[in-house]
Each structure stands twice: as structure tokens, then as C-alpha cells.
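Written below as C-alpha cells is the structure these notes are about.
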DNA sequence: TTTTCTAAAAATATCGATATTTGTTGACAA
DNA sequence: TTGTCAACAAATATCGATATTTTTAGAAAA
């Protein structure tokens, strides 16, 4: 009962499956921001029991993607312009810190991992597979910060990354993100990191976020 | 079944009660760092059902006080010197940011709230009630950051505060914390904030943490 | 001895049913 | 009309039982 065969044959718990599915549904907006999340409804939709759904929702609370109301169940975290801006500000502050620490700890192994992550992202972009690009994009950004050797900081950055993704979908920009000249921005970051130029790397990363932020702020301005 | 009468007559859900109790047990070390947390054992200890315990543990995962192992249940988050130092570093960085924003947004109302929080802390200290002092101490520190008007940042600071508390107990310093000259440090912070001197306030706060950190590092050095 | 395999025990994850709350509707009084 | 209050409906939180792992222990083989 515990072990489940997923489509790809990988075995997972029902809770984990529910967690990943619900997470994706919230990030993409399939479950709208602020929407009431009824257990029975989700249970039927995911074809699983109430317990896994309930636990998955509890877990999503950690990620600030779901809110728990007193004894009135759960709802998808509301979205607002203020929230979007707070996320942007915090990302800049935390990622700046993490990136600088990563560079301070730089090793050949890390740099190689970065180059690989960057290459995979470019390949996914060339192949035009949106979900694969999304995964590779997150992997690249996380790889940049990974060498800071600061698990909590990395966790926070990952959370903020995901929260931001949701606003990308809200802005209906999820699909055409690649069309901006984001590739150049990524290369600038990578180059600066490889040169161990912390200021340039951080500057390029901050610029990347600020540009993306401005880009999204327009369609989000009426939140 | 849902509604529970607590000792103080306040009604809460079984999950919330379990959450608060388990949290306290982990913070104080009654449940040791790294210890396996068996549902049945906790269920009996808290005199409640397995579901509330399970959900409470899920919630504690958000706070990084509990880890969830694949399909092998839960355990209290392990403690290590590296973890302690990471918490200290992040607290300094995040609270510096939050405090400066709070001061930038300063209002008379906020300053009054701070003075009250500080007074309560002093009173609790004078009365010698450790748990009340602990609560008031946290309330004071959170009040300092509250005016930054940045819910996520405040949440992170709160989490890090609690994680640090656990190390205080681990260092067996939980009881004699007040004996250090912490009162003066708090006054310095408050004075600087009231003067709207961000640099002095931040400096005093950072000093407060660094001193506390050094103070705890000694007994923790063998983690 | 050490390793490997198997059977029993322990613990987890999940289900289905039930009690408790919250939300809603409509009648009745003001 | 408007407001209050019961009865009803919907949804949540919780329990108890069960299926599925994981862990442990012991026996058989190398």
C-alpha cells in the first residue's frame, strides 16, 4: 500500500507523489493563489487517500506554498505584488551572499559541475523542452550557490526560487521566458564565476534578477 | 474530537497541541538531537492519536527541527558545530537586514511597542521566571525586526532564533543565560533604535550575537 | 568466523469510518 | 425588511485497523 509504482517505474510513497503533484499544480497556477484546497476534492483528483493529501499539504506549508487555516483546512498561498517584491529583494540579498561564499570556496570540481549544469540548460533550451529547461535552469542557479556550503541558506534560496516561479506563471510569462536574452545573462554569470570575480558574478546575477523582476512586474502590477 | 480543552482552558486542535509540545521537547533537548522519533512512542507520551503526531512532525519539518527520512519515519534534526555556526552567521546577516529596514520604517507606534517588549523582558528577568523570560526575550528580538514589514524575512529570523535556542540548551546554558550581562546589551540596542541610529543598533545587535556565540561555542566545541 | 538468506518483529504509511466543526439555509421573531 | 436561531449540509480533524516496508535475529552456507 505504501509502495507505489509511478509512471516511470520509480517507487515512491503516496505522500511524496501527492506532494510533488500538488506542488507543481500550485507553481503552475493550476491551483490558483488563494484558492481553498479541499481534501476530498484533491483526494479524488490525485486518486489517493485523504491522509497522504493532508500530509502533502502540511509539507507544502514549509515551502510557503500552502497556508493552514485554524481548523478550516488549507488554501494555496495568496499572491500579491508586495509578496512578489519581497521575494525579489530577499533573493537578491541571500543569493548575493551565497554566491560570494561559493566563489570564496571555489574548487575545480565545483567549476566543472557549473559548466555541466550550464551546458545542460543550453541544450534543454535548444531542444525547446520547457519543463526540462525549467529543471535545468533551477539546477544551474542552485549549482551556483551550492558551493557556499551552507545548507540552510541554500534551502532558503531554493524556496524563494520556487516562490518566484509561481509569479512567472502568474504573469503568463512561463512559456516565453527563454525568448528574452537570458542566455547571455547566464553566460556572463558563468564567465565571472570561472574568473573568480565575485563582484562581477554577483553583479551579473543581481542584474539577471532585476531585469527578470522588471519584466514580470508589468503584468503583475494589478495584483 | 477535534476540539480539545487545554490546561488553561484554551481550545486547540490535537495537532496544534502536539506540535507545540513536541517543539518544546526538541528545543529543550528532552528529545535529543538526532534521536529517532517513533510515532507510537510519542503518541503514548502525548496521549493522543497517531495522526496528530504525524502531522505535527510534518510541521516541525518546516522549522528544520525534525527530519523526515525516506520511508523510515522521523528523527530530531541532528546538531553539529557547523550547523551552529551557520545559524549564527545567517542570523547576523538576516537580522542586520531586517533591523535596518525596521529602523528605516520607524514609527512612534513601533518604538512604543519596543519599549513595552523590553520592559516585559526586564520584568520577567527580575521575577526570575525562566520560561517567561525566554518568551519575552524572543518577543523583544522579534519586535525589533517586525517593522521591516517583510513577513518571509521575519519568518526566517524566527526559525533561526529557535534553532539557536536549541543550542543554548545543548550547551546547558539555557538556565544561566541571564547571568551574563545581557541586560546592558539589550539596552544598548534599544537606545540605538530609539535614536534611529541604524549603524549603532545593528552593531549592538551583532555584538550581542557574537558574544552569545562565543559564549556557547566553548561547551559546543566537541559536537 | 563471516556472509547470506529467511522468517519474525517492529514501525511506518495508508485507508475507511466517525466525531466534531464550520458554513448555510430558511423559518420565525423583532 | 432585518436579525437571530435552529436544523441541515459540507468539510475537517481524528481514530482504529490494516497493508507494506524496514529492521532485527537466527539459521544455514561459505
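Where a number appears in this text, it was derived from the coordinates with a stated rule and is not lab data. It should be emphasised that the depicted structure is a prediction, and the values quoted were computed from it without experimental measurement. Virtual Cβ from ideal backbone geometry, glycine too; neighbours counted across all protein chains shown.
So what does log10 I(q)/I(0) come out to for the range A:21-125 at q = 0.14, 0.20 Å⁻¹, using the Debye formula with one equal point on every Cα and no solvent? Computed log10 I(q)/I(0) values: -0.77, -0.99.
Between the range B:195-223 and the range A:32-86, what's the alpha-carbon centroid distance in Å? Centre-to-centre distance over Cα atoms comes out at 38 Å.
Please identify, among A:191, A:181, A:149, the residue showing maximal mean-square fluctuation in a Gaussian network model of chain A using a 10 angstrom Cα cutoff. With Cα springs under 10 Å in chain A, the top fluctuation among A:191, A:181, A:149 is at A:181. For the pair residue B:72 and residue A:28, label points projected 7 Å from Cα toward Cβ lie 3.4 nm apart. What is the Cα centroid distance between the range B:102-169 and the range A:126-147, reported in whole angstrom? The range B:102-169 and the range A:126-147 have Cα centres spaced 39 Å from each other.
Could you work out the pair-distance distribution P(r) of the range B:3-76 from its alpha-carbon pairs, with 10 angstrom bin width and percents rounded to whole numbers? Histogramming the range B:3-76 at 10 Å steps yields 20, 56, 21, 3 percent. Testing the spin-label approximation: label points 7 Å from Cα along Cα→Cβ at residue A:217 and residue B:180. State their distance in nm. Those two pseudo-labels are separated by 4.1 nm. Panel note: the C-alpha atoms of chain B, placed on their principal axes, show extents of 54, 43, 33 Å (largest first). In chain B, helices alone account for a calculated mean residue ellipticity at 222 nm of -23000 deg cm²/dmol, with every DSSP H run of four or more residues adding -39,500 (n - 2.57).
Using only the C-alpha atoms, the convex hull of the range A:95-141 corresponds to 58 Å³ per residue.
Between residue A:210 and residue B:115, the FRET efficiency estimated from the beta carbon spacing at R0 = 35 angstrom works out to 0.40.
Its relative contact order, with pairs defined as Cα atoms under 8 Å and 6+ residues apart, puts chain A at 21 percent. Can you give the FRET efficiency to the nearest 0.05 for residue B:45 and residue B:13, using r as the Cβ-Cβ distance and R₀ = 25 Å? Once the sixth-power term is evaluated, E becomes 0.85.
Remark: relative contact order (the range B:3-76) = 32 percent; criterion is Cα-Cα distance under 8 angstrom and separation of 6 or more residues. Here the mean projected area of the convex hull built on the C-alpha positions of the protein assembly as shown is 23.3 nm². Looking at chain B as a GNM with Cα springs under 10 Å, which of B:154, B:20, B:99 has the largest mean-square fluctuation? Highest fluctuation among the options: B:20.
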